Amino acid sequence: MDEVDMELEKAFQSKIDAELKIEPKDWMPDAYRKTLVRQMSQHAHSEVVGMLPEGNWLTRAPSLKRKAILMAKIQDEGGHGLYLYSAAETLGVSRDEMYEQLHSGKAKYSSIFNYPTLNWADIGAIGWLVDGAAITNQIALCRCSYGPYARAMVKVCKEESFHQRQGYEIMMNMSNGTKEQKEMAQDAINRWWWPALMMFGPHDKNSDHTSQSMTWKIKRTSNDELRQRFVDATVPQADYLGLTVPDDKLAWNEETQSYDWGEIDWDEFRNVVAGNGLCNRERLQTRRDAHDGGKWVRDAALAYAEKQKKRMADKAA
Amino acid sequence: MPENSTESELPLYEVFIRSKNGLHHKHAGSLHAPDAEMALTNARDVYTRRSEGVSIWVVKATDVVASSPEDKGNFYEPNDDKLYRHPTFYNIPDEVGHM
Ligand SMILES: [Fe+2]
Ligand SMILES: [Fe+2]
């Protein structure tokens, strides 16, 4: 690094220390830009792929009301993907590059979406637990040092709240329903609880990116701290449903005023991240098919725009 | 149609939204669309799903001319030494009352 860069980097860090936001045209270290592009595009991919497990239940929703709600939620997730892609584009990466990275399997997305949605209670559990975990993460990101990311997160958080509430309401209905319905709800918690805890990423001591990201204030709260926050908020909600989370080590700790709990199966986590989850291949294939299938629409719309432009020019001439 | 995938990317539009009458349009984000009309429709779907707006502007991103952060010093400097543009520059006795 030469002297000029060192000066710039010092000025950059003192801006961050002073809680000033970094905006697209400001100088930033290459690694800061790269970290953000990786994190924001992964985040965007997660929103987009996240539509697929829920999409599975659109035609099977138990009532018109539930169908309309689920459709609205899924549409929001598509919107979240868009906010995030466009925020990432301010860093100089193109939309096509990001799509290419997703479709080729080079980019990651949250591994929770590689689990299947087996029955209607899963839609409740996803809204409550998966969106709940996402909200915990995203609230912390609203104070991220990169302006466009922070602003996108504020918009996203405003919209997320209904996602979690509609999910919890489904869980309430099912746990107050027939014996079979209550069992379905419990079964859904059993399958989604641990993957939801995995959404916060590796333990702090094993997380490669954490300390630099904290210094740059891309990340404001550590993985373990956010995960604990989620556990503490969610266990009482499960109690209220009369359901349990599948962890026999779970116990209230008077001293820390929070829950002690067991250990995540990190082998499973790594395995799903590596592409061997139940639905990895199916999700990516569906994404690719949707993108390729929409190509003629994009081409036609662009051709129409070109033709209109030409007509206007001819008329003016 | 261009061969290269990035070249065939739909143009980028910046989106500005007036949340209610009486307020300025404010930058909301951006999106890709083949033309201005579709950009408007998409902006409605992406940025105003919960009646966040009563008016939308879309502007092709390539048509936005922006100052650059390096300008900070020189670009704004001409105003820095004109303190007489601020009301606090003038000493008006308290007896005169609020002015
Ligand atoms: Fe979302
Ligand atoms: Fe959501």
Next on the checklist: Given the criterion modelled with pLDDT of 95 or more, open to solvent by 10 Å² or more (accessible area, probe 1.4 Å) and either touching a strand residue (DSSP E or B) at 6+ places or on another chain (Cβ under 8 Å) or within 14 Å of another protein chain (Cβ to nearest Cβ) (or both), identify the matching residue among A:21, A:25, A:67, A:73.
Outcome noted: A:21
Next on the checklist: Exactly one condition in (1) under 30 Å from residue A:31 (Cβ atoms); (2) open to solvent by 20 Å² or more (accessible area, probe 1.4 Å) is false for residue A:221; which is it?
Outcome noted: (2)
Next on the checklist: Within region A:76-102, take every residue that is open to solvent by 20 Å² or more (accessible area, probe 1.4 Å) and not in a helix (DSSP H, G or I) and give me the one that is farthest from the other protein chains (Cβ to nearest Cβ).
Outcome noted: A:92
Checklist entry - Any idea which of (1) at pLDDT 95 or above; (2) farther than 15 Å from residue A:153 by Cα; (3) more than 14 Å from every other protein chain (Cβ to nearest Cβ); (4) surrounded by fewer than 22 Cβ atoms within 10 Å (Cβ to Cβ) is the one residue A:42 doesn't satisfy? => result (2)
Next on the checklist: List the residue pairs whose Cβ atoms are under 9 Å apart, where the first residue sits in region B:50-70 and is touching a residue at least 40 places away in the same chain (Cβ under 8 Å), the second is part of a loop (DSSP other than H, G, I, E, B) and of a type in the set (A, V, I, L, M), and the two are 6 or more positions apart or on different chains.
Outcome noted: B:58/B:33
Checklist entry - Restricting attention to region A:287-309, does a residue exist that is closer than 28 Å to residue A:202 by Cα and modelled with pLDDT of 95 or more? => result yes
Checklist entry - So which strands (runs of 3 or more DSSP E) stay within region B:1-60 end to end and still have 1 or more residues that are modelled with pLDDT of 95 or more, closer than 22 Å to residue A:295 by Cβ and more than 8 Å from every other protein chain (Cβ to nearest Cβ)? => result B:12-18
Item to check | Filter result (away from chain B (no Cβ under 14 Å), closer than 26 Å to residue B:42 by Cβ and open to solvent by less than 50 Å² (accessible area, probe 1.4 Å)) within region A:265-316 | outcome: A:283, A:284, A:287, A:293
Checklist entry - Scanning region A:110-153 for residues that are surrounded by fewer than 23 Cβ atoms within 10 Å (Cβ to Cβ) and of a type in the set (Phe, Trp, Tyr), which turns out nearest to ligand 1 (Cβ to nearest atom)? => result A:115
Checklist entry - Quick one: is residue A:66 in a helix (DSSP H, G or I), touching a helix residue (DSSP H, G or I) at 6+ places or on another chain (Cβ under 9 Å) and in contact (Cβ under 8 Å) with a residue 12 or more places away in the chain? => result yes
Next on the checklist: Tell me the residue from A:47, A:54 that is more than 30 Å from residue A:212 (Cα to Cα), in a helix (DSSP H, G or I) and open to solvent by less than 40 Å² (accessible area, probe 1.4 Å), please.
Outcome noted: A:54
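The values are calculated or read from the model by the stated rules, or taken from the named source; none is laboratory data. Here the structure is a predicted model, which means the values were calculated and not measured. A quick note on method: Cβ atoms are made from the backbone with ideal geometry, for glycine too, and the neighbour counts reach across all protein chains shown. Accessible surface is based on the protein model in full, side chains and every heavy atom, while ligands, DNA and RNA are left aside. Shrake-Rupley method; radii C 1.70, N 1.55, O 1.52, S 1.80 Å.
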